[in-house]
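What follows is calculated from the coordinates using simple rules that are stated; it is not laboratory data. No experiment lies behind these values; they were computed from the predicted model shown. Cβ sites come from the backbone with ideal geometry, for glycine too, and all protein chains shown count toward neighbours.
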Amino acid sequence: MKLHEYQGKDLFRAAGLPVPKGEVATTPDEVAAIAQRLGKVVIKAQVHVGGRGKAGGVKVASTPEEARVLAGRILGMDIKGLTVHKVLVEPALNIATEYYAGIVNDRTSKRFVLMLSSMGGVDIEDVAHSNPEAIIRVAIDPAFGLQDFAIRQAMKDAQFDRTKSRELGAVIKGLYGALVRYDCLLAEVNPLVVSAEGDVVVADAKVDIDDNALFRHKDLLPYREESFDNEMDRQATEQGLTYVHLGGDIGVIGNGAGLVMNTLDVVTASGGKPANFLDIGGGAQAALVVKAVNMVLSDPEVKGIIFNIFGGITRCDEVARGMLQAAQEMDIRVPVVVRLAGTQEAAGRALLEGSQYAPVASVQEAARTIQELIGR
């Protein structure tokens, strides 16, 4: 679950981090009123994407009227395909130095990793590409957590301001505390600012929370409504489907994350563009298959669908029944190619004989066939 900056800052503030006072607004008049109270302000678009500043989604206003004008330009703008509906308004900082501090889940080391850099204020991905030695990485042993000596050494290696090591170290330690407390997969501050007045300030917040841990954080459930970047992702979650919108025109349905990901790769290698990731999981019943087909077809860009089913726990005949039920309940006007293999494969194929579904023997054949059927 992705959090907006203002939501992440709420969590950081509760964890004791030095977060600036700010307010959320949805109209230019609200922004002007906040600026009247706060003085010179920074207006920041609230969307789940980086590069907001480069896109014009972060502006500084010296007066309430200027704030109103700038907010009118930011609200409603499109940033990398996402529409800005809210802005965060905070007092403008007199920045002296910008650092990067983040803790990420590293699947290679199977640990969380602390990342620090003196090149803050820009996308950390750009730093990793152009100046990778500027990023200091420290793997965190889950048995001991993030130790003070490791923080001090990392700050030294990253060339953080030694005169502010106590305050900066406290923020980094607090960042790890927030990550553990809220079951985060990512907790990031970019930039972590030292102001001209000598104050250490958490000037940004990027937080991703593990969906599987939300049962422990009922207070965060309201944030879930705003965590979706796409309406179809929201609908899929409400229906209990493991779905990710990808923006192409070939729908993909399979059972098992690895199998679906492999199907996406094969479709892409064949020159196609997957519209989605949709995993119906093991032991899928007919009713779930109907939901899956309906979900994929709710995307108007979909021109064809690939079913890739390997029957282990999942029975191919049960999937076939779901597909036939979907054909009865829905007006399916796009070609659907089906690969069935494994448990009750023969029975599943027999059920689909004479139907509108096109059977194939392999996922490679499925990718080629769907391309032909949609006219490529």
For n ≥ 4 DSSP H runs only, could you compute -39500 (n - 2.57) per run for the chain, divide by its residues and tell me the 222 nm figure to the nearest 500? -11000 deg cm²/dmol
Radius of gyration and Dmax for region 211-314's Cα atoms, expressed in Å? 14.4, 45
Given 138-148, 6-16, the highest-first ranking by average Cβ count within 10 Å works out to 6-16, 138-148
For region 21-91: lysine pairs with Cα atoms under 18 Å, gap of 8 or more or different chains, count? 13
FRET efficiency estimate (nearest 0.05) - Cβ-Cβ, SER130 to THR27, R0 51 angstrom: 0.85
With the crude spin-label approximation of a point 7 Å out along Cα→Cβ, what separation in nm comes out for HIS85 versus ASP331? 3.0 nm
Across the chain, where is the longest run that never hits GluC sites (Glu not before Pro) in a DSSP loop with at most 13 other C-beta atoms within 10 Å? 1-196
Explain nothing, just the number: relative contact order of the chain, from Cα pairs under 8 Å at least 6 residues apart, as a whole percent. 13 percent
Can you tell me what percent of all Cα-Cα pairs in region 282-366 are more than 17 Å apart? 41 percent
I need to check one value: relative contact order of region 95-222, counting alpha carbon pairs closer than 8 Å and at least 6 residues apart, in percent. 28 percent
Give me the percent of DSSP beta bridges within region 231-373 that run antiparallel, rounded to the nearest 5. 20 percent
Cβ-Cβ FRET estimate between ALA196 and THR63, R0 fixed at 22 Å, reported to 0.05: 0.55
Cα centroid separation - region 136-204 against region 54-87, whole Å: 30 Å
Run through the DSSP bridge list for the chain and note the antiparallel percent, rounded to the nearest 5. 75 percent
Starting from the Cα of VAL180, step 7 Å toward the Cβ, then list every residue of region 95-136 with an amide N under 16 Å from that point. 103-105, 111-114
Work out how much length ARG137 to ASN294 would gain on full extension: take 0.36 nm times their residue separation and subtract the Cα-Cα distance, in nm to one decimal. 52.1 nm
For region 7-154, which semi-axes, largest first and in whole Å, follow from the square roots of 5 times the eigenvalues of its Cα gyration tensor? 33, 17, 14
Please check which bits of region 60-77 a label hung off ARG37 would reach, taking the label as a point 7 Å along Cα-to-C-beta and the cut-off as backbone N under 15 Å. 64
When a footprinting reagent is the concern and you count Cβ atoms within 10 Å, what order do ILE95, ILE250, ILE74 take, fewest first? ILE95, ILE74, ILE250
Size of the chain as Cα extents on the principal axes (Å, biggest first): 77, 50, 40
Tell me, PHE149, PHE112 in order of fewest to most beta-carbon neighbours within 10 Å? PHE149, PHE112
According to the Kirkwood expression over distinct Cα-Cα pairs, how big is the hydrodynamic radius of region 95-222, in Å? 15.0 Å
Starting from the Cα of GLN239, step 7 Å toward the Cβ, then list every residue of region 310-329 with an amide N under 16 Å from that point. 322-329
P(r) of region 21-91 over all Cα-Cα pairs, 5 Å bins starting at 0, rounded to whole percent, reads 4, 22, 33, 24, 13, 4, 0
